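Take a look at the structure set out below.
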Amino acid sequence: MLVSTERSEQDKFLQKIKALTTEKDNVRSDIVSLSIDNKEVESKFTDLDKSQSELSHIRDEQFIPLLFSGKQNEAKTLLIGTIDKKFVTSGEMVLDLINDVQKTADGHLARANNEVVKAITFFALIGIFAILIVIALIIILNRMIARPLVAISSAARLIASGDLTKTNFNM
């Protein structure tokens with residue numbers, strides 16, 4: 001596209017490069033906002049920005065003007081030398097950042113899993129404690145209700161058998 005001698009095609013391609021650069025910058029901003037608590041990742045993003053800024057400067061100020069002026073051999077030399085090295089360096093930085101972000105995400109996930117386990121344990125203990133309280137209440141209420149009924153039943157048996165001598169019934 002840039003090798004084309006038609007200025008309109010070259011301008012379209014240049015606009016596409018600028019649009020992709022803007023999209024990259026927006027994605028970068030989103031990632032940085034998610035990693036705001038990680039100073040190491042933020043520092044690496046700053047280094048990557050510097051490297052990509054240098055790469056963009058070389059592309060916009062040297063490479064594209066060489067292509068537009070028809071100096072393809074000089075543009076190739078620049079591409080093979082400086083731009084290629086900077087591109088590889090940026091790629092390595094991106095891979096390093098991906099690893100750091102993955103480690104950070106894994107750490108957050110591990111902490112979240114620990115919190116879930118703590119919450120489940122807490123609610124299980126509350127459930128067990130509630131069941132024990134219910135069992136204790138059942139036993140206490142059973143005794144409170146059953147003892148007087150047993151005493152009344154015993155008294156009723158004594159009265160039914162004709163024994164009216166007992167006057168004190170333990171309830």
| Of all residues in region 140-168 being assigned to a helix (DSSP H, G or I) and among the hydroxyl-bearing types (Ser, Thr, Tyr), which is nearest to the chain's Cα centre (by Cα)? | 153
| said: Within region 102-112, does at least one residue satisfy the condition of being closer than 30 Å to residue 50 by Cβ and of a type in the set (Lys, Arg)? | reply: yes
| What are the residues in region 43-64 that are farther than 30 Å from residue 9 by Cβ, of a type outside the set (A, V, I, L, M, F, W, C) and open to solvent by less than 70 Å² (accessible area, probe 1.4 Å), if any? | 43, 44, 49
| region 113-171, residues that are in contact with a helix residue (DSSP H, G or I) (Cβ under 7 Å, 6 or more places away or on another chain) and either open to solvent by less than 80 Å² (accessible area, probe 1.4 Å) or among the small types (Gly, Ala, Ser) (or both) | 169
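Residues to consider are 97, 67; find the one that is within 30 Å of residue 9 (Cβ to Cβ) and touching a residue at least 24 places away in the same chain (Cβ under 8 Å).
Selected residue: 67, the only one of 97, 67 that is within 30 Å of residue 9 (Cβ to Cβ) and touching a residue at least 24 places away in the same chain (Cβ under 8 Å).
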| Could you list, in sequence order, the residues of region 83-100 that are open to solvent by 90 Å² or more (accessible area, probe 1.4 Å), charged (D, E, K, R) and either closer than 14 Å to residue 28 by Cα or at pLDDT 80 or above (or both)? | 92
| Failed condition for residue 77, given (1) among the hydroxyl-bearing types (Ser, Thr, Tyr); (2) open to solvent by less than 90 Å² (accessible area, probe 1.4 Å); (3) modelled with pLDDT of 80 or more, with all others met? | (2)
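The values are calculated or read from the model by the stated rules, or taken from the named source; none is laboratory data. None of the values given here were measured: they were computed from a predicted structure. Here Cβ is always computed from backbone atoms with ideal geometry, including for glycine, and neighbour counts include all displayed protein chains. For the accessible areas, the whole protein counts, side chains as well, though only heavy atoms, and no ligand, DNA or RNA atoms are used. Shrake-Rupley method; radii C 1.70, N 1.55, O 1.52, S 1.80 Å.
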